[in-house]
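Trainee: Before I ask anything, let me first share the structure, which is written out below as C-alpha cells.
The values are calculated or read from the model by the stated rules, or taken from the named source; none is laboratory data. This one's a predicted model, so the numbers in the text were calculated from it and none came from an experiment. A quick note on method: Cβ atoms are made from the backbone with ideal geometry, for glycine too, and the neighbour counts reach across all protein chains shown.
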Amino acid sequence: GAGKTTLVNLITGLEAPTDGAVTFDGHALRGLQPPAIARLGLARTFQIAQPFRPMTVRQNVAVPALFRGDPAPGVAAALREADAVLEIVGLGPKRDLPARALTTPDLRRVELAKALALRPRLMLLDEVMAGLTPTEVDTAMEMLRRVNARGIALLVIEHVLRAVMGLSHRVVVLHHGRKIAEGAPAQVTAAPEVIRAYLGTDPGAGPESTPP
C-alpha cells in the first residue's frame, strides 16, 4: 500500500498521473502509450508473472522482441534475441518447455528475460524476489548483478531487505505514498523515520513503548 507498483505503472504508462511530470532521459513520458515508452529504453517486470502458458519459454520471450524498435525485427531475429537473453537468465536448457511447466522462480526469470528482450537502458523490477527461498534469492541477486554489469540500470521494488542491501547503490523508501528517505542503503536503514515506519516504534524506545 505504499504506492510502489502505482509509481511503476505511472512511469511505464499503464496508469495516467493526475498531476506532475514523468521524464526519462529528457523525454516527457506523460501521455505516451506503453509501447512508445518501451521504445525509449524502459522495460518492466510484473509482480505476478502472466506468461502465455501454452507457448514455449522461447516463444514467450520472442514476443516483446518482435515489438522492439521501428521497424520491428522479424520472427527469426526475435527468436535469436530470445535465445540470447534466456542464456543470460539461465533458462537456455528450458527454452522449448511450455511456460505452464515452469516453477515460480523460473517464471520470474521469464519475466526478466522478456524485459531484457526489449534491450532496455532501464529496467523496473516489481518484487522479483517475492515467494523465493533464501537460496533462490541469492541466485536471483547474482543474475541481476550480471544484468547490471551489461550497462542496464535497475530500479528494484523489493521487500526482501537482504536483496535491497545487496543490490542497491541508492535506496528510496515510500510510506503511504510519500517519500520518507533517500540515500545509500546503510544510511537509509539507520534513518529514524524508516525505523518507525518499518517497526512501528520509535528508535531507541524501551519495550514499554513498543506497540503490541
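Trainee: For the stretch 105-125: of the residues being basic (Lys, Arg) and farther than 15 Å from Ala78 by Cβ, which is surrounded by the fewest Cβ atoms within 10 Å (Cβ to Cβ)?
Mentor: Arg121
Trainee: Report the residue count in the stretch 34-88 for those that are closer than 15 Å to Asn9 by Cα and of a type in the set (A, V, I, L, M).
Mentor: Counting residues in the stretch 34-88 that are closer than 15 Å to Asn9 by Cα and of a type in the set (A, V, I, L, M) gives 6.
Trainee: Enumerate the pairs (first residue in the stretch 21-48 and small (Gly, Ala, Ser); second residue anywhere and not in a loop (DSSP other than H, G, I, E, B)) with beta-carbon separation below 7 Å, excluding pairs fewer than 6 apart on the same chain, so at least 6 apart or on different chains.
Mentor: Ala21/Ala28; Gly41/Leu122; Ala43/Ala115; Ala43/Met123
Trainee: Scan the stretch 41-69 for residues that are assigned to a loop (DSSP other than H, G, I, E, B), at pLDDT below 95 and among the hydrophobic types (A, V, I, L, M, F, W, C) and jot them down.
Mentor: Result: Phe46, Ile48, Ala49, Phe52, Phe67.
Trainee: A follow-up question, please. For the stretch 40-48, does any single residue satisfy the condition of being surrounded by fewer than 19 Cβ atoms within 10 Å (Cβ to Cβ) and over 24 Å from Glu142 (Cα atoms)?
Mentor: yes
Trainee: Being at pLDDT 95 or above and part of a helix (DSSP H, G or I) is the requirement here; does Ala82 meet it?
Mentor: Judged against the criteria, Ala82 is a match.
Trainee: Just give me the residues in the stretch 9-31 being surrounded by 17 or more Cβ atoms within 10 Å (Cβ to Cβ) and assigned to a loop (DSSP other than H, G, I, E, B), in sequence order.
Mentor: Within the stretch 9-31, Gly13, Val22, Leu29 qualify.
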